[in-house]
Amino acid sequence: TPADVLLFNTQVPAAIAGKLVQQKPYLLSIDITPIQYDKMAVYYGHKPDGIGFFSHYKHKVNANLLAKAAYLLPWSSWVRDSLIQDYQIPPERIMVVPPGVNLDQWRPRSDFSDGPLKILFVGGDFYRKGGDILRDAFRQLPPGRAELHMVTRTQLEPEANVYVYNNFQPNSPELIKLYQTADVFVLPTKAEAFGIAAVEASAAGLPVVATAVGGVPDIVVANETGFLVEPGDVSALASCLHQLVENPHLRRQLGQGARQRAEQYFDARRNAAHILELLQTTVARNNHL
């Protein structure tokens, strides 16, 4: 199809586009660089290439694609840093544009109810996302003071005050309602490029407790929108949850901060409009040349 400019989501489709990337200017949206992905390989079931010709060739292809893009659109500052440090991309060609959510659809609930603290976890890959860590931390909370709601593909054994949902679909009314009836969202992930579920939780006005890995620190600001803990630290996670059990005012304060951050950085319409502006700028500059 004739085009004036190309937009690729990750470097893989750009790598197989052949001569197209040589003929037209292109922008590249990226949630993780190849070097970062290799460092997280064990958690994704990915086997990095060994040292040799193929590894060198693949790195050269990726580096060349990144270097020749009109703009690179990393989802997070974590990826931006890798593009600068690992691939020597000039900072002026890098614009952090995260994915967002529909803020009209993902909204906070209008009322607050008493009762046990409702903790929400959403992660298809239960163990990489730290579902087992959260379950261990939950068991340290005072009995009857909290409920754990887990949306995942993994089948789990029944447990008191733990509710498992295996069939929810992204952006479904059922899933949004679950966010809106929760009190806190927890993502103790061991490896994460970004964490869109944490954005959904922020938009829903929930405080977010998460691990400081990958692009997550762009979403969660410690003590402003939630808490950040180290991966695998069950005690620290349990301590954060205990604070939220005991302090409803803190929950609401952090949740309001999370919603404000979502409005500022994760509005899907605004971020899409920014990408469109960069595409138009690229076309105008190319036509001028």
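The values are calculated or read from the model by the stated rules, or taken from the named source; none is laboratory data. As the structure is a computational prediction, the values presented were derived from the model and not from experiment. Glycine also receives a Cβ, built like all others from the backbone with ideal geometry; neighbour counts cover every protein chain displayed. These accessible areas exclude ligands, DNA and RNA; they are computed on the full protein's heavy atoms, side chains included. Shrake-Rupley method; radii C 1.70, N 1.55, O 1.52, S 1.80 Å.
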*Taking only protein heavy atoms into account and a 1.4 Å probe, give the accessible area per residue of the chain in Å².*
51
*Cut-off 15 Å between beta-carbons: net charge of the residues surrounding Leu6, Lys and Arg +1, Asp and Glu -1*: +3
*Specify the angular offset, from 0 to 90 degrees and rounded to the nearest 10, of the alpha carbon long axis of helix 53-68 from the longest principal axis of the alpha carbons in the chain.*
90
*Kindly express, to the nearest 10 degrees and within the range 0 to 90, the angle between helix 268-288's C-alpha long axis and the longest C-alpha principal axis of the chain.*
10
*Using DSSP to define loop residues, name the trypsin sites (Lys or Arg not before Pro) in the range 107-153 whose beta-carbon has at most 12 other beta-carbon atoms within 10 Å.*
Arg153
*asked:* Distance between the C-alpha centers of the range 234-265 and the range 58-135? Whole Å please.
replied: 20
*Sort the following peptides by mean Cβ neighbour count (other Cβ atoms within 10 Å, averaged over residues), highest first: 94-105, 40-51.*
94-105, 40-51
*Most fluctuating residue of Ser110, Ser29, Ser235 in a GNM of the chain with Cα springs under 10 Å: which is it?*
Ser110
*So which lysines pass the test for Lys47, namely a Cα distance under 20 Å, with those fewer than 8 places away in the same chain ruled out?*
Lys39, Lys58, Lys60, Lys129, Lys190
*Degrees, to the nearest 10: 77-87 long Cα axis against longest axis of the chain*: 40
*Between the DSSP loop rule and a limit of at most 10 other Cβ atoms within 10 Å, which chymotrypsin sites (Phe, Trp or Tyr not before Pro) in the range 206-289 are left?*
none
*What does the charge count near Arg269 come to, summing +1 for each Lys or Arg and -1 for each Asp or Glu among other residues with Cβ under 14 Å from its Cβ?*
-3
_Please list, ordered by chain and number, the residues whose modelled amide H lies under 5 Å from the amide H of Lys118; skip anything fewer than 5 residues away on the same chain._
Glu147, Asp183, Val184
_Residue-count net charge about His59 - beta-carbon cut-off 13 Å; Lys, Arg +1, Asp, Glu -1_ = -1
_the chain: relative contact order in percent, alpha carbon pairs under 8 Å with at least 6 residues between_ = 18
